[in-house]
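What follows is one structure encoded as structure tokens, with my remarks underneath.
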2 protein chains.
Amino acid sequence: MKSASIVAVGNELLNGHRVDTNSNWLQGRLLRLGFRTCRVVLVPDDVEAIAAVLEEVSRISDVVILTGGLGPTADDLTRFALGKFLGRPLEFRSDIWQTIEAFFERRGLKTASTNRVQAYLPCGAKALANPKGTACGIAAEQGGKRYFCLPGVPSEMMAMFDDSVCPELTADGQTDVIEMGKVRCFGVGESVIAEKLGDLMRRDRNPQINTTVHGGDVLLHIVAAAPDPESAGRLIEADKRLLSELLGDAVYGYDDQTLPEIVGRMLKEKRWKLAVAESCTGGLLAKMITDIPGSSEYFWGGWVTYSNEAKIRDLGVSEDLVSRYGAVSEPVAAAMASGAAQRSGADTALSISGIAGPEGGTPEKPVGMVCIGLFFQGRTEVQTFRFAPVGREAVRLRASLTALNWLRLQLKGLTV
Amino acid sequence: MKSASIVAVGNELLNGHRVDTNSNWLQGRLLRLGFRTCRVVLVPDDVEAIAAVLEEVSRISDVVILTGGLGPTADDLTRFALGKFLGRPLEFRSDIWQTIEAFFERRGLKTASTNRVQAYLPCGAKALANPKGTACGIAAEQGGKRYFCLPGVPSEMMAMFDDSVCPELTADGQTDVIEMGKVRCFGVGESVIAEKLGDLMRRDRNPQINTTVHGGDVLLHIVAAAPDPESAGRLIEADKRLLSELLGDAVYGYDDQTLPEIVGRMLKEKRWKLAVAESCTGGLLAKMITDIPGSSEYFWGGWVTYSNEAKIRDLGVSEDLVSRYGAVSEPVAAAMASGAAQRSGADTALSISGIAGPEGGTPEKPVGMVCIGLFFQGRTEVQTFRFAPVGREAVRLRASLTALNWLRLQLKGLTV
């Protein structure tokens, strides 16, 4: 297997300001292309230091990916460091300059003179297009080793890697490939899953199975090694089937599918419309649903009834109910779901009311307590959950996912 | 200022499975002790590789912190690598072995023989106590450089650093401390800022100023070195004032303040209530506002009018307007803002309607085009923006922040 190194450039990566997540993403991509990452180095914005790191990692790698330091400001020094390491002067490339000017013109802006530096490349290097920004990437080769400089902004870096670097590395010809797949579960603990899987999680098994947890989501990562992508893919598929049988309804999807996406697909198949009424999640549930392109096909819309007044006026929740039971209560959550369904005419509706914290908790209604309502087939049901009070964001995420998962299970019950 | 390097050991850090967050935490701690992190290296579980990295980083660092690879299993190799690099054999330390046995005994368990390896240290090295686990840490000194091996489990690593490493480094007598501050801007490009700052961004200036960008947010990081925290703090404060004067209204906050937080504070001061009406952002704007604890004091609530029907029914947007100009248009955005203000009785209201993509763009209304409406002091204004079509998430984030920033500027205008 060929080897790769990643060099992440930027003072902010070394003074505690930002966690480097680019390298993690790149490792996965490189693995799939048959490159094992043997080193990741974070280095400050300093020409000598970056060049010294290139010296070190070039000895042990077939490919070196650099991220960051391609912008127009004085602390963007990657191009100079690459030139120094390669022993090649930088040259002004008018074709790149024209691309940068065109980028600003399309936005009705004048190009700043500071952007001029972005048109300089080490002699003999190739520019990599950046459809999302002004910083073009750089590709260079020397002594049989390949060097790619990508922007530090994750979205630009990812697009440029997939568009420009990936094809070049694929052409290189690989030895063993690694394929990865995921089985996604909701509503069961990691230790329960570990018990059900038992021997399948052995370290020396191929594929290897690892678990990670996030906001109630348990992900099973399947990592298969094989001589070719097809064989690796077959191993992954077999494991997906096996894990799905073992875990049943807890499995909601595979690979990069999300719960909002899966629920969206189920709604679309039924030609149903969903409406939501949110209190403590404050728009998060609607945001997660509309993260999915095309969600307008099945998402009617929603209410963020953050104040009691909004609940009463917009959803027709009775004032009496709110004052008698409080905004965070099963009767109010039920009235919110019914109200949302009625006012929208949607086929199904979800409501959430709870205490996200950090303030507002009481002994009977502690932080983390959330009531979820579901209007489904003409009936409204309601459930109360007590999530661990591990932070406002976590409670809100957990509540939104739990609501979606409930709807998923109900929709699934219909199809069975 | 003294320099530190961090070496994070573990295959899982190089195959895309786990993001190394330990190093980020350590950087902040080291800075406060007067050590600037000059390198972070992630290296696989391999004795030769770890020793080679130690060779490299010891040349440029006064202190090297290693994390991970101290466990009892076959892939835990850090102690062997340290011994190899220092040129010292490992010796069995019965005092450590007794501590490990005691750890298991307290839990009513028998010590596994595999744990025996954890009692071996390079000759002359010191053990660091681990109150949270079996892996003791290692401290060693050679050629005036100091080496500390800590466990990879974040909670154990942090406790051991604070309990055992911190006092040793403090005792070293520090030269300089580092303090950090941020100035946060919105609505101006990084290159424009670079031009305005000019010489202030010189690499050899103290404080050093670095810029990073995220979703239209431009952050200026101020990193000051001084003999004591007070002097460093004064340097930071002076730069905050200087940058604020240079950048004027573009500056919305400092340090960890966010735009939703700043706008919330302004609304609270005025005792105003805000309502929102969202189409393409689908709840994101409301979610960002309600991310802030206590937002119920100034946030009335909102509508996610994702369908035209919702816009018409819930906000009173006229059907004629929607069919004549389309949902993404200035007249509809204006009607959404007015409708939200009217129906809620809130003092001010924001509306957003746009094309988030990836589908749905046309030549006249391309992906990234967003109309934002603002009801403010009895009048509704509307603006159209054309954001770079760099992805659904980015367009939605940019639109939400732009809406909040517009409201901020209007509120600011009132106070001036």
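The values are calculated or read from the model by the stated rules, or taken from the named source; none is laboratory data. If you're wondering where the values come from, they're calculated on a predicted model, not measured in any experiment. Cβ sites come from the backbone with ideal geometry, for glycine too, and all protein chains shown count toward neighbours. SASA here: full protein model, heavy atoms, side chains in, ligands and nucleic acids out. Shrake-Rupley method; radii C 1.70, N 1.55, O 1.52, S 1.80 Å.
Figure legend. Inter-residue proximity from the stretch A:341-356: first residues farther than 30 Å from B:ILE292 by Cα and in the same structural domain as A:SER329 (by TED's automatic domain parsing), second residues at pLDDT 95 or above and in a strand (DSSP E or B), beta-carbon distance below 6 Å, spacing 6+ or different chains. Indicated pairs: A:ALA346/A:LEU274; A:ALA346/A:ALA275; A:ALA346/A:TRP300. Under the condition of being in a strand (DSSP E or B), touching a strand residue (DSSP E or B) at 6+ places or on another chain (Cβ under 8 Å) and of a type in the set (Lys, Arg), the residues counted in the stretch A:373-416 number 1.
Kindly list, by first and then second residue, each pair from a residue in the stretch A:86-99 that is free of Cβ contacts under 8 Å to residues at least 24 places away in the same chain to a residue that is open to solvent by less than 70 Å² (accessible area, probe 1.4 Å) and part of a loop (DSSP other than H, G, I, E, B), limited to pairs with Cβ atoms under 9 Å and residues at least 6 apart or on different chains. Cβ pairs passing all conditions: A:TRP97/A:THR111.
A quick yes/no check of all residues on (1) under 29 Å from B:VAL192 (Cβ atoms); (2) open to solvent by less than 20 Å² (accessible area, probe 1.4 Å):
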position	(1), (2)
B:ALA238	yes, no
B:CYS280	yes, yes
B:GLY283	no, yes
B:TRP300	no, yes
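Out of all the residues in the stretch A:101-117, which are touching a residue at least 12 places away in the same chain (Cβ under 8 Å) and either in contact with a helix residue (DSSP H, G or I) (Cβ under 6 Å, 6 or more places away or on another chain) or not assigned by TED's automatic domain parsing to the domain that holds A:GLU56 (or both)? Talk me through it step by step, then tell me what you get.
At the first step, the residues of the stretch A:101-117 found to be touching a residue at least 12 places away in the same chain (Cβ under 8 Å) are A:103-104, A:112, A:114-117.
Across the stretch A:101-117, the qualifying residues are A:ALA112, A:THR114, A:ASN115.
Which of the residues belonging to the stretch B:303-319 are under 19 Å from B:PHE375 (Cα atoms) and in contact with a strand residue (DSSP E or B) (Cβ under 7 Å, 6 or more places away or on another chain)? Result: B:TRP303, B:VAL304, B:THR305, B:ASP314, B:LEU315. Applying the condition of being touching a residue at least 12 places away in the same chain (Cβ under 8 Å) and in a helix (DSSP H, G or I) to the stretch B:25-47 and asking which residue is farthest from the other protein chains (Cβ to nearest Cβ) yields B:VAL47.
Could you please give the count of residues in the stretch B:389-416 that are hydroxyl-bearing (Ser, Thr, Tyr) and modelled with pLDDT under 95?
Residues meeting the conditions: 1.
The strands (runs of 3 or more DSSP E) found wholly in the stretch A:125-239 and carrying at least 3 residues that are touching a residue at least 40 places away in the same chain (Cβ under 8 Å) occupy A:137-142, A:145-150, A:177-186, A:217-226.
Being more than 8 Å from every other protein chain (Cβ to nearest Cβ), open to solvent by 30 Å² or more (accessible area, probe 1.4 Å) and closer than 20 Å to B:GLU156 by Cβ: is that true of B:ASN22 here?
Details: more than 8 Å from every other protein chain (Cβ to nearest Cβ): yes; open to solvent by 30 Å² or more (accessible area, probe 1.4 Å): no; closer than 20 Å to B:GLU156 by Cβ: yes.
It is false that B:ASN22 is more than 8 Å from every other protein chain (Cβ to nearest Cβ), open to solvent by 30 Å² or more (accessible area, probe 1.4 Å) and closer than 20 Å to B:GLU156 by Cβ.
When the residues of the stretch B:293-351 are narrowed to those that are of a type in the set (Lys, Arg) and in contact with a Lys or Arg (Cβ under 9 Å, 6 or more places away or on another chain), which ends up modelled with the highest pLDDT? Top of the filtered list is B:ARG343. Tallying residues that are within 12 Å of chain A (Cβ to nearest Cβ), within 15 Å of B:LYS273 (Cα to Cα) and either touching a helix residue (DSSP H, G or I) at 6+ places or on another chain (Cβ under 6 Å) or not hydroxyl-bearing (Ser, Thr, Tyr) (or both) within the stretch B:343-357 yields 3. In the condition set (1) open to solvent by 60 Å² or more (accessible area, probe 1.4 Å); (2) more than 9 Å from every other protein chain (Cβ to nearest Cβ); (3) not aromatic (Phe, Trp, Tyr), B:MET180 is compliant with all but (2). Among the residues making up the stretch A:28-48, those that are of a type outside the set (Val, Ile, Thr) and buried (at least 22 other Cβ atoms within 10 Å of the Cβ) are A:LEU30, A:LEU31, A:PHE35, A:ARG39, A:LEU42, A:PRO44, A:ASP45.
Before we move on, is A:THR212 open to solvent by 40 Å² or more (accessible area, probe 1.4 Å) and of a type in the set (S, T, N, Q)?
Judged against the criteria, A:THR212 is a match.
Per-residue answers, yes or no, for (1) surrounded by fewer than 18 Cβ atoms within 10 Å (Cβ to Cβ); (2) part of a helix (DSSP H, G or I); (3) not assigned by TED's automatic domain parsing to the domain that holds A:GLU141:
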| position | (1), (2), (3) |
| --- | --- |
| A:ILE50 | no, yes, no |
| A:GLU56 | no, yes, no |
| A:ILE65 | no, no, no |
| A:LEU70 | no, no, no |
| A:ASP75 | no, no, no |
| A:PHE80 | yes, yes, no |
| A:GLY83 | no, yes, no |
| A:THR99 | yes, yes, no |
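Within the stretch A:364-384, how many residues are within 28 Å of A:GLY345 (Cβ to Cβ) and either modelled with pLDDT under 95 or not basic (Lys, Arg) (or both)?
As a first pass, look at the stretch A:364-384 and keep what is within 28 Å of A:GLY345 (Cβ to Cβ): A:370-384.
This time we only want the ones that are either modelled with pLDDT under 95 or not basic (Lys, Arg) (or both), so: A:370-378, A:380-384.
The qualifying residues number 14.
For the stretch B:259-297, residues that are part of a loop (DSSP other than H, G, I, E, B), at the interface with chain A (Cβ under 8 Å from one of its Cβ atoms) and of a type in the set (S, T, N, Q) total 1.
Only residues that are farther than 13 Å from B:GLU190 by Cα and either assigned to a helix (DSSP H, G or I) or within 14 Å of another protein chain (Cβ to nearest Cβ) (or both) were counted across the stretch A:110-124, and they come to 5.
Taken together, the residues in the stretch B:1-19 that are open to solvent by less than 20 Å² (accessible area, probe 1.4 Å) and either facing chain A (nearest Cβ under 7 Å) or of a type in the set (Val, Ile, Thr) (or both) amount to 4.
Being of a type in the set (Phe, Trp, Tyr) and within 29 Å of the chain's Cα centre (by Cα) is the filter here, so list the residues in the stretch A:365-416 that pass it.
Filtering the stretch A:365-416 down to residues of a type in the set (Phe, Trp, Tyr) leaves A:375-376, A:385, A:387, A:406.
The answer is A:PHE385, A:PHE387, A:TRP406.
Any idea which of A:ALA327, A:ALA225, A:ALA335 is among the small types (Gly, Ala, Ser) and not assigned by TED's automatic domain parsing to the domain that holds A:LEU407?
Working: A:ALA327 fails: not assigned by TED's automatic domain parsing to the domain that holds A:LEU407; A:ALA335 fails: not assigned by TED's automatic domain parsing to the domain that holds A:LEU407.
None of the other options fit; the residue is A:ALA225.
Checked against (1) small (Gly, Ala, Ser); (2) open to solvent by 10 Å² or more (accessible area, probe 1.4 Å); (3) more than 24 Å from B:GLU297 (Cα to Cα), B:SER353 passes all but a single condition, namely (2).
One line per residue, one yes/no per condition, for (1) of a type outside the set (A, V, I, L, M, F, W, C); (2) surrounded by fewer than 24 Cβ atoms within 10 Å (Cβ to Cβ):
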residue	(1), (2)
B:ALA334	no, yes
B:SER338	yes, yes
B:GLU359	yes, yes
B:LYS365	yes, yes
B:VAL370	no, no
B:LEU374	no, yes
B:ALA388	no, yes
B:ALA394	no, yes
B:TRP406	no, yes
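Pairs linking a residue in the stretch B:287-305 that is free of Cβ contacts under 8 Å to residues at least 24 places away in the same chain to a residue that is open to solvent by less than 10 Å² (accessible area, probe 1.4 Å) and among the basic types (Lys, Arg), with Cβ atoms under 9 Å and 6 or more positions apart or on different chains, are B:LYS287/A:ARG396; B:THR290/A:ARG396.
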